[in-house]
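The values are calculated or read from the model by the stated rules, or taken from the named source; none is laboratory data. The structure presented is a predicted model; accordingly, all values stated were derived computationally and were not measured. Here the Cβ is made from the backbone with ideal geometry for all residues, glycine too, and neighbour counts use every protein chain on show.
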Amino acid sequence: MNVTVTVNGKAHTRDVEPRTLLVHFLREDLGLTGTHVGCDTSQCGACTVHLNGEAVKSCTVLAVQAGGMEVTTIEGIGTAAELHPLQTGFWEKHGLQCGFCTPGMIMSAAELLRHDPDPSEETIRHHLEGNYCRCTGYHNIVFAVQHAAAAMRERQAGQAADD
Amino acid sequence: MTDRTDKYMGQALKRKEDPRFITGAGQYTDDFVLHGMLHAAMVRSPYAHARITGIDKSSVEDMPGVHAVLTGEDVAAAGTGPIPVGWLLPELKVPPHHAVAQGEVNHVGDIVAVVVADTRAQAEDAAAMLAVDYEALPSVALGSAALEDGAPQVHDDVPGNVAFRWEIGDEAALNEAFGRAHKTVKVNLRNHRLVPNAIEPRASLAQFSPASGEYLLYTTSQNPHIHRLILAAFVLNIPEHKLRVISPDVGGGFGSKIFQYQEEVIVLLAARLLGKPVKWAARRSESFVSDMQGRDHESEAELAVDAEGRMLGLRVNTVANLGAYLTLFAPAVPTYLYGTLLNGVYKFPAVHAKVTGVVTNTVPVDAYRGAGRPEATYLVERVVDVMAHELGMDPAEFRRINFIQPDEFPYQTPVALVYDSGNYEPALDMALDMMKYPDLRAEQERMKGTGKILGIGVISYVEACGLAPSALVGQLGAQAGQWESSLVRVHPTGKVELYTGSHSHGQGHETAFPQIAADELQIPIEDIDLIHGDTGRMPYGWGTYGSRSAAVGGSALKVALQKITAKAKKIAAHLLEASEEDVEHAEGVFRVKGAPGQQKTFFDVALMAHLAHNLPEGLEPGLEATAFYDPKNFVYPFGTHIAVVEIDTDTGHVKLRNYGCVDDCGPLINPLIVEGQVHGGIAQGAGQALWEDAAYDDEGNFLAGTFMEYAVPRADDLPSFETGHTVTPSPHNPLGVKGIGESGTIASSAAVANAVMDALWHECRIPHLDMPYTSEKVWRAIRDARGAGLGQAADD
């Protein structure tokens, strides 16, 4: 069946099997392979994307359910030339090793920072409990998110001062 | 070009490889698409042990998109040989390990058949529908149960299920030592089984070109050359150069991506038979029953001390469960990587260990992060703590008085190894200071009677990594070399590509290796890139495992770089019309000593090396060097780890409250990367101690087949970690570096276990419980101990 999904600001229409998961639609139909699949029980969070602004595990959403909605993936949150503060934070604080969980971590953390601009370590750890990382022990991921939060607060303060 | 700083080595540079990962531009195996690609799905055995009495291909051949169904017969007909073992022990019994089962399945998840279809969904639909008839056979899962009289036989050609019996150390000397013991303690320990669970599931994509006879394989591997060797020489019977193995970005390995897997054989074979590229990507539920698992020892350990608390001897008897088949390094893990490390950091006059390797109807067991050394460290450090408790000695002080002393290195242990260098006491002291150890002990006392108990686990470890030299490991049974290669290619512009046979799947090679090169070549790190993971581009390589990349691969790079600078200096001297002895390589240039301004840059030299317009008489053009480096010995990192747990006596819940460690891996190439390795290692070891358990029932049904049953540590399970370092270089490699990839895991299971048992000893005199310390297990133990009149009464 036909579905139209706006991904990273661009509308895509594809003919998909009804059972197609959003993550497979993104990876296989659109070639956006930055979103990863790490499990089949919706626990690892490697497939986290934003659906109308909310973080979702794209392995638990059917592509057709995303019809008419806006999806943002890791490819859409920032670019190599203009990184999102979370991308910068993960780089600066060595918040990644193999990089496989990283897109999901960043997308999940982005939602946290939208709701809480200055999260404590405990809040960050609690928020990210649905994103598994086997490399970092999460230690530097906490610092990466805090680094991003500080940068975003600073940017916001700068914008407020400009207004 | 940016100015080069004084030294890149030792700097916490952020990683060069990260931009692609943080933007979603990493290229993992499952991200690759080849034109016309088909998809394979595996039909896996639901039985732990069964005879396959029939497979009805026609049940699925007409399903949409299906191209082929391959069975064990088809694989045999194609001339594909069994997957070999890479480490042989005397009288080792090796049951054949076929890519697809031939008549019999031996563990849940064993591959029965393969369906290839246009799409993955079609292949999986058909795989689920394939009609297979089984005749269930008796099965056994626990190593010790497989050794019992009358136990089910896993393989006809492995009598009594014993794959090998192995021993190390001087048993007579040990018995003599025990004869003069003041005190002995005996502990039975289970080091339970784990699933590695790299977050990227395994995947493979193969292509065959009939015209050239060439194969291409993208696969999730830590060591692409090993795959090429095995697949070409032992399985497919083709010349090695007809197979190119590319291991692109790999999402973690932890050992599980070392081995030659069945699915890699299958996609290559299917690609040839069907004339189209074939991809397979594991679902996590497949990973659980097809990735090689880790640990699974049942041991009896006995420690003897004299009246002063000096250790006299350690006696160990271990049953190592190898699973259904012997995979690549499986025989080495519970023997040469385990038995040789049972001396720990102590001055034991005698150690003796017996190991029985047993086959069972479970997923095969092979190297998992630490591979034998976590098992050894857990055993030694657990029994040392039990003895300290029995003696009423502080566990840290008991360790201290038994340490090998710094002036005793190189140190010959009673179990074959010669430790290269070490200085154990400063690491212990630094860790005790870091964690404010006396304050913790005072807090432990204060918490008595509050319903919460504090446990402090101290362990001191040494580990042996960077296996070497090749001749020695060959004598011990390795069917592989253990050297590493490096190629340094300088372009005419002075830009440099490094090639290593090591592989990075999270370890940061693309940053650390250029750091080494930038210092040796004295050029900016931005001008240097590392290439790895492609047999079509590297000279050769044995890959990444056993914390060997820096010590062996880094050393190979250093030797290749020295060849480059030696040649560059010859060219520079020629261009400067000076003798080589008068030219120095300093501050980024080749210059005539004492003649300011008389200098040539690396670029000048690189350009002339390629133009060859003006080279010294007889010197070859070009600026490129390859080194094959075979170390003289293993390297021996060491350190002290301290875990602090808080146990709720009403619920049995264990909270890992604090964790601090001091590791010594020699000089740090990149402290940021080293810290990251330590953090991740600690999390994996703590995972084993507290949550993870690859549990089977007695018949070999796997009870922990998804992340819902198998608890990997999550962000909110763990505290932040405190880390520190002492630096004791290895005397025998050109960088002085040791390894750090596995230390965290080797140390932390034991540290967390000791913390839990420290709490339970102080609360209710429980000497030992096996990991993992689930709430239920801890609660029951406290209840039983109190019911038995132990516990608080004993403290009063």
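The conditions of being among the aliphatic types (A, V, I, L, M), in contact with a helix residue (DSSP H, G or I) (Cβ under 8 Å, 6 or more places away or on another chain) and modelled with pLDDT under 95 are met by residue A:80. For the stretch A:120-129, does any single residue satisfy the condition of being out of contact with any Asp or Glu (no Cβ under 9 Å at 6 or more places or on another chain) and more than 9 Å from chain B (Cβ to nearest Cβ)? There is at least one residue in the stretch A:120-129 that is out of contact with any Asp or Glu (no Cβ under 9 Å at 6 or more places or on another chain) and more than 9 Å from chain B (Cβ to nearest Cβ). Given the structure, is residue B:62 touching a Leu at 6+ places or on another chain (Cβ under 8 Å), more than 30 Å from residue A:88 (Cβ to Cβ) and acidic (Asp, Glu)? Here the answer is no, as residue B:62 does not meet what is asked.
The residues on offer are B:258, B:226, and the sole one that is in contact with a Phe, Trp or Tyr (Cβ under 9 Å, 6 or more places away or on another chain), part of a helix (DSSP H, G or I) and in contact (Cβ under 8 Å) with a residue 12 or more places away in the chain is B:226. Meeting the requirement of 2 or more residues that are at pLDDT 95 or above and buried (at least 17 other Cβ atoms within 10 Å of the Cβ), the helices (runs of 4 or more DSSP H) wholly within the stretch B:724-796 are B:743-764, B:775-787.
The set of residues in the stretch B:366-393 being farther than 23 Å from residue B:682 by Cβ and not in a helix (DSSP H, G or I) consists of B:392, B:393.
Within the stretch A:129-150, the residues that satisfy the criterion of being in contact with a Gly (Cβ under 7 Å, 6 or more places away or on another chain) and over 20 Å from residue B:682 (Cβ atoms) are A:130, A:147, A:148.
Of all the listed residues (B:526, B:445), the sole one being away from every other protein chain (no Cβ under 14 Å), among the charged types (D, E, K, R) and more than 19 Å from residue B:564 (Cβ to Cβ) is B:445.
Taking the listed residues B:48, B:126, the one that is buried (at least 23 other Cβ atoms within 10 Å of the Cβ), touching a residue at least 12 places away in the same chain (Cβ under 8 Å) and in a helix (DSSP H, G or I) is B:126, with no other qualifying. Listed conditions (1) in contact (Cβ under 8 Å) with a residue 12 or more places away in the chain; (2) more than 23 Å from residue A:13 (Cβ to Cβ) are all met by residue A:61, apart from (2). For the stretch B:63-73, the count of residues that are within 13 Å of another protein chain (Cβ to nearest Cβ) and assigned to a loop (DSSP other than H, G, I, E, B) is at least one.
Residue B:318 fulfils the conditions (1) more than 14 Å from chain A (Cβ to nearest Cβ); (2) out of contact with any His (no Cβ under 9 Å at 6 or more places or on another chain) except for a single criterion, (2). A search for C-beta distances below 7 Å between a residue of the stretch A:2-17 that is within 11 Å of residue A:70 (Cα to Cα) and any residue that is acidic (Asp, Glu) and part of a strand (DSSP E or B), counting only pairs 6+ apart in sequence or on different chains, returns A:6/A:70.
Conditions tested, residue by residue: (1) within 14 Å of another protein chain (Cβ to nearest Cβ); (2) under 21 Å from residue B:433 (Cα atoms).
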{"residue": "B:639", "(1), (2)": "no, yes"}
{"residue": "B:653", "(1), (2)": "no, no"}
{"residue": "B:657", "(1), (2)": "yes, yes"}
{"residue": "B:672", "(1), (2)": "yes, no"}
{"residue": "B:703", "(1), (2)": "no, no"}
{"residue": "B:717", "(1), (2)": "yes, no"}
{"residue": "B:723", "(1), (2)": "yes, yes"}
{"residue": "B:729", "(1), (2)": "no, no"}
{"residue": "B:732", "(1), (2)": "no, no"}
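Of all residues in the stretch A:2-16, those being surrounded by fewer than 15 Cβ atoms within 10 Å (Cβ to Cβ) and outside any strand (DSSP E or B) number 1.
Could you identify the single residue in B:279, B:257 that is within 25 Å of residue B:634 (Cβ to Cβ) and either surrounded by 23 or more Cβ atoms within 10 Å (Cβ to Cβ) or within 27 Å of the chain's Cα centre (by Cα) (or both)?
Working: B:279 fails: within 25 Å of residue B:634 (Cβ to Cβ).
After ruling out the rest, the residue left standing is B:257.
Among the residues of the stretch B:735-775, the one identified as in contact with an Asp or Glu (Cβ under 7 Å, 6 or more places away or on another chain) and among the hydroxyl-bearing types (Ser, Thr, Tyr) is B:743.
In the stretch B:681-700, the condition of being more than 21 Å from the chain's Cα centre (by Cα) and not in a loop (DSSP other than H, G, I, E, B) is met by at least one residue. Residue A:136 fulfils the conditions (1) of a type in the set (Ser, Thr, Tyr); (2) more than 14 Å from the chain's Cα centre (by Cα); (3) surrounded by fewer than 19 Cβ atoms within 10 Å (Cβ to Cβ) except for a single criterion, (3). For the stretch B:716-750, a tally of residues being aliphatic (A, V, I, L, M), in contact with a helix residue (DSSP H, G or I) (Cβ under 6 Å, 6 or more places away or on another chain) and more than 27 Å from residue B:696 (Cα to Cα) returns 3.
The single condition among (1) touching a strand residue (DSSP E or B) at 6+ places or on another chain (Cβ under 6 Å); (2) buried (at least 23 other Cβ atoms within 10 Å of the Cβ); (3) within 14 Å of chain A (Cβ to nearest Cβ); (4) not in a strand (DSSP E or B) that residue B:41 does not satisfy is (4).
Taking every residue in the stretch B:441-454 that is under 14 Å from residue B:657 (Cα atoms) and surrounded by 11 or more Cβ atoms within 10 Å (Cβ to Cβ) and pairing it with any residue that is among the hydroxyl-bearing types (Ser, Thr, Tyr) and at pLDDT below 95, at least 6 positions away or on another chain, yields no pair with a Cβ-Cβ distance below 7 Å. Taken over the stretch B:290-334, the criterion of being under 15 Å from residue B:379 (Cα atoms) and hydroxyl-bearing (Ser, Thr, Tyr) is satisfied by B:299, B:318.
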